[in-house]
Number of protein chains: 2
Amino acid sequence: MLSSVDNVLRLVQLLRDTGGLRNKDAADALKIAPSTANRLLSMLVYRGFAVQDESHLYFPGPALAEPAIEDTGTRRLVLIVQPHLEEAVRRYGESANLIIRVGTSARFLSTVESPHPLRVGDRQGAVVEARKASGGKALLAELPRKTLERMYLGELAPHDQRMSDAEFDAFIAELAAVRRRGCAFNREAIETGVSAIGVAVHNPSGRGVAALSLSAPSSRFERIVTGGAEQFMRTIAEHVEDDLAGSLSSE
Amino acid sequence: MLSSVDNVLRLVQLLRDTGGLRNKDAADALKIAPSTANRLLSMLVYRGFAVQDESHLYFPGPALAEPAIEDTGTRRLVLIVQPHLEEAVRRYGESANLIIRVGTSARFLSTVESPHPLRVGDRQGAVVEARKASGGKALLAELPRKTLERMYLGELAPHDQRMSDAEFDAFIAELAAVRRRGCAFNREAIETGVSAIGVAVHNPSGRGVAALSLSAPSSRFERIVTGGAEQFMRTIAEHVEDDLAGSLSSE
DNA sequence: TATAGAATTCTGCTATGCGGAAAGACCTTC
DNA sequence: GAAGGTCTTTCCGCATAGCAGAATTCTATA
C-alpha cells in the first residue's frame with residue numbers, strides 16, 4: 001500500500017467531513033507526525049483541495065466543491081487541441097490553455113507553457129470562477145439570459161456566486177461585448193499580474209463546448225493583444241472546430 | 001514537492017474532468033509509467049475516489065460526488081463519541097461507527113474496530129447510500145415526509161437515488177418501523193456478508209445530527225441482536241446526547 | 001491462431017518522504 | 001511584561017517506500 005498516497009486521500013475525506021481543521025487535528029486523526037501533516041496539507045493547498053486562512057486553519061478548497069462530469073470526450077478534446085495550443089505558444093510565446101465550463105466554474109484541462117522564464121504555469125486540473133476567466137466568459141457569453149439568471153441571480157444561484165441586480169446587468173453588458181468581439185479578456189481578475197484572452201470552441205451543432213485561452217504576465221499582455229491575438233485565437237478556434245468535426249465523422 | 005502525492009491529486013482532477021479513463025490514459029496524461037498509474041488508481045478505488053468496471057475503465061467514485069460540509073463540529077463529535085464506540089466494542093466485540101448524513105449519503109466519521117480476526121474494517125472516510133445504511137436509515141426516519149419526497153421522488157431527486165412510487169411507499173413503511181423500534185438494520189444491503197444496527201443521536205434541540213452503528217459479519221449478527229444490542233445502542237446514544245449537551249454548556 | 005496493445009504483477013534500486021529536532025509564532029496565565 | 005505551553009513550520013538524516021522496467025497475463029482484432 002502507498003502510505004503517503006493513502007494518507008492524503010484520507011486527509012481529503014477528513015477535510016470534506018469536518019469542514020475545517022488545524023494541522024494538529026489532521027495529524028491526530030491520521031496518526032501521523034505534525035510535520036507530515038503539514039507537508040500533505042501544503043500539497044492539498046497547492047492543488048486547490050484546501051485553502052488555509054490567516055489563523056492557520058485549513059478549509060475545503062475549490063477542488064472539493066467540483067463534481068465529476070460524465071464522460072463527454074474531454075480526453076479526445078485534449079488530444080485534438082494539443083497541437084493548436086502548441087501553435088499558439090509558438091506564435092506568441094505565452095502559455096495556452098484548454099478550458100471547459102461546469103456550472104459557474106471554469107476548469108483547465110490542459111496547458112502548454114510558455115518557454116519564457118517568467119510565465120503563467122501549468123494550470124491543468126485547476127478550477128476558477130467562470131465569470132472571471134477569459135475562457136469562462138467566452139462560454140458564458142453564449143448562454144441564454146435566463147440561464148445566466150439562474151446561475152447568478154436570486155435564490156437558485158449558488159450562494160457564493162450570487163450577484164446584485166446592478167452587478168448582473170453590468171455582467172450581461174460585458175458578455176454582450178464579448179459576443180460582439182468574439183473573445184473575452186481577464187485582466188488580473190483571478191490572479192494579480194496575470195492576464196488572458198479567451199475564445200469559445202463550438203461543436204458542429206454550434207454549442208460552446210470548450211474555450212482556448214492565451215495567458216501572460218500582465219507586463220507582456222498588451223503586446224500580444226496589439227499583435228493580433230484576438231483574430232489569431234478566433235482562427236485557432238475555427239481550426240479546432242474543423243478538427244472536431246473531422247474526428248466525429250471518422251468514427 | 002511530494003511527487004507521489006501530487007500525482008494522485010492530479011489523477012483525482014483528471015478523473016473529475018474526464019468522467020472516465022483507462023490506465024494508459026492516466027499514465028500518458030500525468031507522464032508516469034503505466035505501473036505507477038495502476039498503483040495510484042488502485043488507491044483511488046480503495047478509498048472510493050474511483051470505481052473500475054469490468055472492461056478495466058476507471059470512473060469517478062462516490063467520494064468524488066460528495067461535497068464538503070460546513071464546519072458543524074464533527075471533530076468535537078468524533079472525540080465525544082470515541083469512548084462510547086469503544087464501550088460498544090468492549091460489550092459486543094464488533095466494530096462500532098460514527099456516521100453523519102449529508103443529502104442522500106451516509107458518511108463514516110470514525111470506526112473502532114472489533115478485535116476479532118474476522119471483522120468489519122475501519123470505514124473512516126467512506127461514503128455509502130444513506131437509504132441502505134443502518135445509521136443512515138435511523139437519521140432518515142426522522143425527516144418529514146416532504147423532505148423525503150424531495151430526496152427520493154420525482155425530478156428534484158438525484159437521478160441515481162430516484163425511487164418509484166411503490167419503492168418509496170415501502171421505504172416510508174420501513175422508516176415508520178425504524179421510528180417505532182428506535183433503531184434500524186442493514187442486512188447485507190451495502191456489502192455481502194456485512195450487517196449492522198444503527199441508532200440516531202440528537203442534539204439538545206432534538207434534531208438528529210449523527211448515528212452510531214454496530215457492524216458485524218452477518219454470521220455473528222443475529223447473536224448481537226438477540227444479545228440486547230437494540231436497547232444497548234439506544235442507551236449508548238442517550239449517553240452521547242448527555243455528553244453533547246454537557247460539552248455545549250461548558251463552552 | 002497469431003499478434004498487438006493494454007493491464008497488472010513483480011522486483012531491484014534510489015530518491016523520496018518520514019519523523020524528530022529546532023526555530024518561530026501565538027495564546028494564556030501569573 | 002514574563003514565563004510557559006501548544007502549535008505551526010522548517011530543516012535534515014536516514015530507512016524504506018514507491019518508482020519504472022521487465023515479465024506475465026488478459027483482451028481484442030485480423
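The values are calculated or read from the model by the stated rules, or taken from the named source; none is laboratory data. In this text, all values refer to a predicted model and were calculated from it rather than measured experimentally. Here Cβ is always computed from backbone atoms with ideal geometry, including for glycine, and neighbour counts include all displayed protein chains. Only protein heavy atoms, including side chains, enter the accessible area calculation; ligands, DNA and RNA are left aside. Shrake-Rupley method; radii C 1.70, N 1.55, O 1.52, S 1.80 Å.
Among A:ALA88, A:PRO158, A:PRO117, which residue has its Cα furthest toward the positive end of the charge dipole of segment A:74-249, with +1 on Lys/Arg Cβ and -1 on Asp/Glu Cβ?
The residue sitting farthest along the positive end of the dipole is A:ALA88.
Taking every alpha carbon pair in segment B:112-251, what does the distance histogram look like in 5 angstrom bins from 0, in percent?
Using 5 Å bins, I get a P(r) of 2, 9, 17, 20, 19, 15, 10, 5, 2, 0 for segment B:112-251.
Roughly speaking, to the nearest percent, how much of chain B's 1.4 Å accessible area is carbon and sulfur?
The computed percentage sits at 53.
Excluding B:ALA96 itself, what net charge comes from residues whose Cβ is under 9 Å from its Cβ, given Lys and Arg +1 and Asp and Glu -1? Present the calculation step by step, with values, prior to reporting the outcome.
Values: positive: none; negative: B:GLU86, B:GLU87, B:GLU94, B:GLU113.
Net charge in that neighbourhood comes out at -4.
Tell me the Rg and the Dmax, in Å, that the Cα atoms of segment B:1-81 produce.
Reported Rg and Dmax, both Å: 14.9, 46.
Kindly report the accessible area of segment B:72-111 per residue (heavy atoms of protein chains, probe 1.4 Å, no ligands, DNA or RNA), in Å².
Per-residue accessible area for segment B:72-111 comes out at 35 Å².
Regarding segment A:91-186, what whole-number volume in Å³ per residue does the convex hull of its Cα atoms give?
Convex hull of Cα atoms, per residue: 105 Å³.
Using amide H atoms built in the peptide plane, which far-off residues or other-chain residues are under 5 Å from B:SER110 H to H?
Close amide H contacts, sequence-distant or interchain: B:LEU98.
If you place +1 on the Cβ of every Lys and Arg and -1 on the Cβ of every Asp and Glu, how big does the dipole about the Cα centre of segment A:166-216 come out, in debye to the nearest 20?
Dipole magnitude for segment A:166-216 comes out near 320 debye.
From the P(r) of the protein assembly as shown, could you give the percentage of C-alpha pairs in the tail past 36 Å?
When all Cα pairs of the protein assembly as shown are counted, 39 percent exceed 36 Å.
Can you tell me the relative contact order of segment A:74-249? Whole percent, Cα pairs under 8 Å, sequence separation 6 or more.
Reported as a whole number, the value is 23 percent.
Quick one: putting +1 on the C-beta of Lys and Arg, -1 on the C-beta of Asp and Glu, what dipole do you get for segment B:74-249 around its Cα centre, in Debye to the nearest 20?
140
Work out the mean other chain Cβ neighbour count within 10 Å for the residues of B:69-76 and drop it here as an integer.
Mean inter-chain Cβ contacts per residue within 10 Å come to 5.
Per DSSP H run of n ≥ 4, the term is -39500 (n - 2.57); total these for chain A, divide by its residue number, and report the mean residue ellipticity at 222 nm rounded to 500 deg cm²/dmol.
That comes out to -15000 deg cm²/dmol.
If you put +1 on each Lys and Arg Cβ and -1 on each Asp and Glu Cβ, how big is the dipole of segment B:49-153 around its Cα centre, in Debye rounded to 20?
The calculated dipole for segment B:49-153 is roughly 400 debye.
Chains A and B: buried accessible surface, both sides, probe 1.4 Å, rounded to 100 Å²?
3700
Take A:SER247 and B:LYS31, extend 7 Å from each Cα along the Cα→Cβ direction, and tell me the distance between the two endpoints in nm.
About 2.0 nm, to one decimal.
Picking from B:GLY48, B:SER35, B:GLY61, whose Cα lies most toward the positive end of the charge dipole for segment B:3-65 (charges on Cβ: Lys, Arg +1; Asp, Glu -1)?
Projecting each Cα onto the dipole axis, the largest value belongs to B:SER35.
Name the residue from B:GLY182, B:THR147, B:GLY206 whose Cα lies farthest towards the positive end of the charge dipole of segment B:74-249, charges +1 on Cβ of Lys and Arg and -1 on Cβ of Asp and Glu.
Value: B:GLY206.
For segment A:3-65, what does the accessible surface come to per residue with a 1.4 Å probe? Please give it in Å².
Accessible surface, normalised per residue, equals 40 Å².
Would you please give the FRET efficiency between B:ARG180 and B:THR104, computed as 1/(1 + (r/R0)^6) with r the Cβ-Cβ distance and R0 = 25 Å, to the nearest 0.05?
Efficiency, from the Cβ-Cβ distance: 0.60.
Pairs of Cα atoms under 8 Å, at least six residues apart: use those to get the relative contact order of segment A:35-128, whole percent. Spell out each step's value before the answer.
Details: 130 pairs, mean separation 18.3, N = 94.
So the answer I get is 19 percent.
Tell me, what are the semi-axes, in whole angstrom and largest first, of the equivalent ellipsoid of segment A:1-144 as set by the roots of 5 times the Cα gyration tensor eigenvalues?
33, 18, 15
For q = 0.13, 0.15, 0.16 Å⁻¹, what log10 I(q)/I(0) does chain A give under the Debye formula with an equal point scatterer on each alpha carbon and no solvent?
Summing over Cα pairs of chain A leads to -0.89, -1.10, -1.18.
Kindly identify residues of segment B:113-144 having a loss of at least 30 Å² in accessible area between the isolated chain and the assembly of all protein chains, probe radius 1.4 Å.
Output list: B:GLN124, B:GLY125.
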